[in-house]
Structure formats: C-alpha cells, structure tokens
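A.B. asks: Just passing along the structure, written as structure tokens.
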Amino acid sequence: MPTPNDGGYVNYFEILELEPDAKPGEVRKSYRTKMKNLVAEIAAVEITEERRAKYLLEMAKLNAGLFLLRETELRDTYWRDRKELIDLELEWCRAAEAGGDTNELRKSYDAHVRSFLSRYVEDAMLAGGRDKECVETSHWDAAHERHASRILRHYRNGLYQQILERLPYADVTKPNIDWTERQKFAGSVLAQGAN
Amino acid sequence: MFFGKKNTAAAPKIVNQELTTKSLAKTVAEGDFVNFRLLFQAFSPARPNSSERFEDSKYSYLLPDADLESKPEFRTALTQVRADATWQHIQRELDANRPAQLPAELVIAVADNAVRLGKYTIASQAYELLRIRRRMQDEFFAQAEKALDDDNVRRAVHGYLVATGLEYNYAAFPEPLPLVADWQTKALMLHGVYPQSAEDCIPLQQPEQFLRTALTYLLLDPNAAARLESRSIQTRLAFLAELIKQRDPNWRDFVHRYREACGLMRDFEARIQHAIAERGGARVSLAREIEEMAGEDPHKIPATLLGRTIENGEWWQYLKEIAYTHPASALFVSRQIIGETEIIVPRYRGDSPVPFAVGLLPATATT
C-alpha cells in the first residue's frame, strides 16, 4: 500500500531548519543566520554561471521561507495546502492501485500540484525577493529577479518531475523496461552510426 | 410514409481497422510521435465517435505508401501494433470517451525508431512520457565514454550527440520542452561582448580554454562538456574535430570560404606592413589600416565567410546566418570595428593545434 511521500513538495521549515511550530522570531533568526552565511560564502568564491544559478536559488528559497513562515495566516495556509496535496496524492495512488477509474482524481491532483508549485515556489520566491525585510538582508534586486525567473522555472519543473516519478502512469501504460535490452539498443544505435 | 419524421441521423461510423493498424504502424516505423498521439486524440479518424474519417483525402498523409509498406521496419511495426494485448488496449482506448492512455510498448518503439532516424527531440518527448529519458541519456553517455576509452572517437561523438539530443529544457516557458539547437542565438551569446583584448576573443583563447568553450557550445550542455574535462587535450581535439563534422556535414564548404576570407585578411595585413614601412615605422591601429585597405566595403569579409551578401547587413546578421548553417563557424570568427562599421572577421591562433585539427587550415599554414 502506498505511504505518504512529501519529496518534491517544497518544505520551507526544512529549508530554514525549523520545527513546524516555530515562532515568527525563530523564523527571522534562522533566516538571518542562513542568509548571512550564504552571502559570506558567495563573497568568498569566484562566481561562475553554474554557481550564480545555485546561489540565486538558495537565496530565493530562504527569502520565500521567511516570506511564508513569519506570518501565521500565510504559514498555516501554506502548510494546509501542502498537507492536502500529499493526502490527494495518496488517495490517487491508492485508487490507482485498487484498479478503479482514477481520471477525476488525476485531474484534480494535477490541478492542485501545478497550483501549489506555482504559488509556493515561483510566486513566493519572487514575492519574497520584493519584500522589504528580505531585500535588506539579502540585497536582492531587480537584476537578481531577472536572472532568477529562468532558474525558478527550472527548479519548479524539477520538483514536478521528482513528484511525477512516483505517481501512477496516466497518459501511458506502465512500461516494462528491460535495461539489458535497452543497453543493447543503445549499442546498436551507436554501431549503426559508427559504420 | 406521408406523416413520418424524416430520418436525419447520420449512418454510424465504421472505422476501417486495417487503416487504423497501418496508420499506427506508419507512425511507429517513422518515429513520428506527433502523429502517433494525434491518432489517439478526440478528433482522430481512428475513433468511432469522431466525425473524421481516414477515407478523406486530408488524412492520406497518415497512411503508408507502397514503398513504406514494403520496408522491414514497417512490417516490424505492424507486428507490434497487431500484438494481441496491444491491439486490444488500442481498441479499448479508442472506443472510450476520454483521453486515451497510450500503449507503452508502442511509445518505446516510436522513441527507439526516432533515435535511429536522428529525431532526438521527438525521442526525448516519448522517453520523457515513459519516465526513462534520463536513464536513456546515461546509457548513451556510458557507451560513448567506453568508445572514447577504446579510441573510437566517431562512435563516442555519436553517443554524445544522441545523449545531448535527448536533453530537456525544464526552464522553457510555459511548459518544459526538448532542448533544441538554436545556434543563431547561442552564437550571439558567445559574441555578446565586444572583445577588448586577445583573451576576450574566443578564437584566440588558449587551446585548453578554447576547447572548453567549443565543447560546451557545440554539445549545448555544460554538464556533457564537463564529462570530457579529464580526457587528454589530444583526445578532446579529435573529439571536437569529429563533433564539428557530425554536427555539420557541409563543414568543408565553410572551410573553403574561411580560407578565402583569411586570404583577404592576409592581403590587408601585407598592405598594412607596407603602409607602416612607408610611414617610416610610425605605428597605426590595425582597424584604421584595415579601414583604409578595405575601402568603402568592409562587408566583403563577412560576405565571403557567409557565401552571400546581406544588403545593409550588420555583423550580427552575418553571425547568426553562418552559425545557423555551420554551427562551429561562430568559434573561429570575431567582431571587429572598422571605421564606422562593425563586421565579423576570421581569426585563429597560429600556435594552436585547433584550426589545423578541425581542418580550417592546411597542416602547412602559418599565422
């Protein structure tokens, strides 16, 4: 029987290394410490394109963490939406395993997961970057935002792929992959090209 | 029957199953994932509840011609479509009034045939749907690296091309898409900043740095290029030369034009030397001298590189077009301001093995 799996559903408590009942003061304290360390690390290394992308994403995650968790209402909504989504995934997986028609559940889950990732990954990260408190600590500006939009989209879709890996197959039947045969296929393609 | 109602109901549609089978087999044999999916759409002529029919001439493109039907790959695909379990699934999905669930065994066959035919972006979509794209990429990378260990550069390059061809762009908007080779854009990014010194000029980079730039650009993926970092410079040189050849089968055409453009540059240089001597050794800028020597039309150089003149063409128009037709060409040119005009000119390091290895210069050429 499938068990709940929260991989891919971004957890800002984990990012800020906090317990889900952390107080706003603890959120701020953890955010400032982590951001300070990150800024110091950035200043100490040579910035390549790859590192820039990595650091921008780290900054954006911390900003979104503070933005969502320091206010009770926003935090509760985020945590509830996340839990609902995890429950919905579990419900769909169980229904699929039982062999029933899961088309409606699939559609409902798909709409929820897209909305969750859009709201709590891209939107929250960009909104966090415009927040006064975040700007003061992280020095996030318009140039960061311009660079970040592509990186955040990539991150969001990466999370979606991570979730997708464990979901029931819907658009296609579950493939029965023989990796020894796949290896032979790759070899035959390269042999064909090398001749 | 005087007072009866007129029967206006259309006759129930009967789908010719033989045509459904053949059209599916055609898409499988041709690695055509677009039409494969089309055949399962709500409006598909293969669906009994759609008003579209295979017999309409507009759908003739979905059906195989006699030539294709005689090919072994089509017959194999036909056997795969007709396999009992697969065919039953297909019929069930086409009859159901909902989005179809594609049969995985045929999706794999479509993807594999697309790879065999070099349609990597199509294959990547099919593998992505099956959730095996990354692992297929890893398989091709692994076999390519083994080929490189065995000094089989041709096979290794082919493996890298397939593996990188299966890459996905998760940052694409609004949905992830297969990564496409947009040389015309990538070349502009390479030359986005005007070179202020020799180090800024890509063709004049040290061989080690140049190889890194060139492999990243031509493989479209810094991670794929990074896999080659540990190889010797000779191996990477041979890899680059083969990569250029496999990416661009018409590379020799560019080489001829490049040498011609280099000839023009050498003429200018000779005239500059002459002018310097005549002025009693007073040093003047290269750009100034080229401006004088090239006269009113410095576009002769980029036009030679491209093989045609673009009317009022800017440097970036020439760059985009040569990069589109010969991707690697962007690595051996640089921007140059001559008077009021900016053009692209051929450039290479005479002390670097790169231009010789890729065939741009004959082995006896000098700077």
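The values are calculated or read from the model by the stated rules, or taken from the named source; none is laboratory data. Keep in mind that this is a model prediction, so the values were computed, not measured. Using ideal geometry, Cβ is built from the backbone for each residue, glycine included, and neighbour counts are taken over all protein chains shown.
A.B. asks: Of all residues in segment B:168-192, which are part of a loop (DSSP other than H, G, I, E, B), within 14 Å of another protein chain (Cβ to nearest Cβ) and modelled with pLDDT of 90 or more? Spell out how you get there, then give the answer.
C.D. replies: Step one: of segment B:168-192, the residues part of a loop (DSSP other than H, G, I, E, B) are B:170-176, B:179-182, B:191-192.
Then drop every residue that is not within 14 Å of another protein chain (Cβ to nearest Cβ), which leaves B:170-176, B:179, B:192.
Within segment B:168-192, B:TYR170, B:PRO176, B:LEU179, B:GLY192 meet the criteria.
A.B. asks: Do we find that A:SER108 is under 16 Å from the mean Cα position of the chain (by Cα), hydroxyl-bearing (Ser, Thr, Tyr) and within 30 Å of B:ARG98 (Cα to Cα) in this structure?
C.D. replies: no
A.B. asks: Within the group B:PRO64, B:PRO99, B:PRO72, which residue is on the phi < 0 side of the Ramachandran plot, at pLDDT below 95 and assigned by TED's automatic domain parsing to the domain that holds B:ASP32?
C.D. replies: Sole residue among the options that is on the phi < 0 side of the Ramachandran plot, at pLDDT below 95 and assigned by TED's automatic domain parsing to the domain that holds B:ASP32: B:PRO99.
A.B. asks: More than 14 Å from chain B (Cβ to nearest Cβ), in contact (Cβ under 8 Å) with a residue 40 or more places away in the chain and acidic (Asp, Glu): which single residue out of A:ASP123, A:ASP81, A:ASP87 fits that description?
C.D. replies: Being more than 14 Å from chain B (Cβ to nearest Cβ), in contact (Cβ under 8 Å) with a residue 40 or more places away in the chain and acidic (Asp, Glu) holds for just one of A:ASP123, A:ASP81, A:ASP87, which is A:ASP87.
A.B. asks: Tell me yes or no: at least one residue of segment B:221-244 is of a type in the set (Phe, Trp, Tyr) and assigned by TED's automatic domain parsing to the domain that holds B:PRO302. Spell out the reasoning first.
C.D. replies: Going through segment B:221-244, the residues of a type in the set (Phe, Trp, Tyr) turn out to be B:239.
If we keep only those that are assigned by TED's automatic domain parsing to the domain that holds B:PRO302 as well, we get none.
Within segment B:221-244, not a single residue is of a type in the set (Phe, Trp, Tyr) and assigned by TED's automatic domain parsing to the domain that holds B:PRO302.
A.B. asks: Moving to a separate point now. Of all residues being touching a helix residue (DSSP H, G or I) at 6+ places or on another chain (Cβ under 7 Å), assigned to a helix (DSSP H, G or I) and without any contact (Cβ under 8 Å) to a residue 60 or more places away in the chain in segment B:90-120, which is farthest from the other protein chains (Cβ to nearest Cβ)? Just the residue, please.
C.D. replies: Per the stated criteria, the residue is B:TYR120.
A.B. asks: Another question about this same structure. Among the residues that make up segment A:123-144, is at least one of them under 16 Å from A:ARG82 (Cβ atoms) and surrounded by fewer than 18 Cβ atoms within 10 Å (Cβ to Cβ)? If you could, list the steps in order and put the result at the bottom.
C.D. replies: Quick first cut of segment A:123-144, residues under 16 Å from A:ARG82 (Cβ atoms) only: A:123-125.
Then drop every residue that is not surrounded by fewer than 18 Cβ atoms within 10 Å (Cβ to Cβ), which leaves A:123.
Yes.
A.B. asks: Given the structure, is A:GLU145 assigned to a helix (DSSP H, G or I), in contact (Cβ under 8 Å) with a residue 24 or more places away in the chain and more than 10 Å from chain B (Cβ to nearest Cβ)?
C.D. replies: Criteria not met by A:GLU145.
A.B. asks: State the number of residues belonging to segment A:173-191 that are more than 7 Å from chain B (Cβ to nearest Cβ) and more than 32 Å from the chain's Cα centre (by Cα).
C.D. replies: Matching residues across segment A:173-191 total 5.
A.B. asks: Related question: I need a count of the residues in segment B:155-167 that are of a type outside the set (Ser, Thr, Tyr), more than 8 Å from chain A (Cβ to nearest Cβ) and in a helix (DSSP H, G or I).
C.D. replies: 5
A.B. asks: Could I ask something else about it? Assess whether B:ALA123 counts as being within 14 Å of chain A (Cβ to nearest Cβ), among the small types (Gly, Ala, Ser), assigned to a helix (DSSP H, G or I) and farther than 25 Å from A:ARG106 by Cβ. Steps first, answer last, please.
C.D. replies: Values: within 14 Å of chain A (Cβ to nearest Cβ): yes; among the small types (Gly, Ala, Ser): yes; assigned to a helix (DSSP H, G or I): yes; farther than 25 Å from A:ARG106 by Cβ: yes.
Yes; evaluated as a whole, the condition is true for this residue.
A.B. asks: Is there a residue in segment A:92-107 that is within 14 Å of another protein chain (Cβ to nearest Cβ), of a type in the set (Val, Ile, Thr) and more than 25 Å from B:PRO174 (Cα to Cα)?
C.D. replies: Yes: one or more hits.
A.B. asks: Can you pull out the residues in segment A:1-30 that are touching a Ser or Thr at 6+ places or on another chain (Cβ under 7 Å) and not hydrophobic (A, V, I, L, M, F, W, C)?
C.D. replies: A:GLU17
A.B. asks: Report, by residue number, each residue of segment B:75-96 that is of a type in the set (A, V, I, L, M, F, W, C) and either in contact with a Phe, Trp or Tyr (Cβ under 9 Å, 6 or more places away or on another chain) or modelled with pLDDT of 95 or more (or both).
C.D. replies: Answer for segment B:75-96, where residues must be of a type in the set (A, V, I, L, M, F, W, C) and either in contact with a Phe, Trp or Tyr (Cβ under 9 Å, 6 or more places away or on another chain) or modelled with pLDDT of 95 or more (or both): B:ALA77, B:LEU78, B:VAL81, B:ALA83, B:ALA85, B:TRP87, B:ILE90, B:LEU94.
A.B. asks: Filter segment B:9-41 for residues that are modelled with pLDDT of 95 or more and assigned to a loop (DSSP other than H, G, I, E, B) and give the result.
C.D. replies: Residues satisfying the conditions are B:GLU30, B:GLY31, B:ASP32, B:LEU39, B:PHE40, B:GLN41.
A.B. asks: Still on this structure: Assuming A:ALA170 fulfils every condition listed in (1) touching a Lys or Arg at 6+ places or on another chain (Cβ under 6 Å); (2) within 30 Å of B:ALA100 (Cα to Cα); (3) part of a helix (DSSP H, G or I) apart from one, which condition is it?
C.D. replies: All conditions pass for A:ALA170, except number (3).
A.B. asks: Condition (residue is out of contact with any Leu (no Cβ under 6 Å at 6 or more places or on another chain) and aromatic (Phe, Trp, Tyr)) applied to segment A:72-86: is it met by at least one residue?
C.D. replies: Step one: filter segment A:72-86 for residues out of contact with any Leu (no Cβ under 6 Å at 6 or more places or on another chain), giving A:72-73, A:76-77, A:79-86.
Add one more test, that the residue is aromatic (Phe, Trp, Tyr), and what stays is A:79.
Yes, there is a match, as at least one residue in segment A:72-86 is out of contact with any Leu (no Cβ under 6 Å at 6 or more places or on another chain) and aromatic (Phe, Trp, Tyr).
A.B. asks: Using the structure shown, decide if A:TYR160 is over 23 Å from A:LEU56 (Cα atoms), of a type outside the set (Lys, Arg), in contact with a Pro (Cβ under 9 Å, 6 or more places away or on another chain) and more than 7 Å from every other protein chain (Cβ to nearest Cβ).
C.D. replies: Taking the combined requirement at face value, the residue does not satisfy it.
A.B. asks: Taking the condition of being surrounded by fewer than 22 Cβ atoms within 10 Å (Cβ to Cβ) and under 15 Å from A:ASP171 (Cβ atoms), how many residues in segment B:105-124 meet it?
C.D. replies: The number of residues fulfilling the criteria is 1.
A.B. asks: Is it true that B:ASP84 is in contact (Cβ under 8 Å) with a residue 24 or more places away in the chain, more than 10 Å from chain A (Cβ to nearest Cβ), within 24 Å of B:ALA42 (Cα to Cα) and surrounded by fewer than 20 Cβ atoms within 10 Å (Cβ to Cβ)? Write out each step before concluding.
C.D. replies: Working: in contact (Cβ under 8 Å) with a residue 24 or more places away in the chain: no; more than 10 Å from chain A (Cβ to nearest Cβ): yes; within 24 Å of B:ALA42 (Cα to Cα): yes; surrounded by fewer than 20 Cβ atoms within 10 Å (Cβ to Cβ): yes.
Against the criterion (in contact (Cβ under 8 Å) with a residue 24 or more places away in the chain, more than 10 Å from chain A (Cβ to nearest Cβ), within 24 Å of B:ALA42 (Cα to Cα) and surrounded by fewer than 20 Cβ atoms within 10 Å (Cβ to Cβ)), B:ASP84 does not qualify.
A.B. asks: While we're looking at this one, here's another question. State whether one or more residues within segment A:37-44 are surrounded by 18 or more Cβ atoms within 10 Å (Cβ to Cβ) and not small (Gly, Ala, Ser).
C.D. replies: No, that holds for no residue.
A.B. asks: Here are some conditions: (1) under 18 Å from the mean Cα position of the chain (by Cα); (2) among the charged types (D, E, K, R); (3) facing chain A (nearest Cβ under 10 Å). B:GLU139 meets all but one. Which one does it not meet?
C.D. replies: Just one mismatch for B:GLU139, condition (1).
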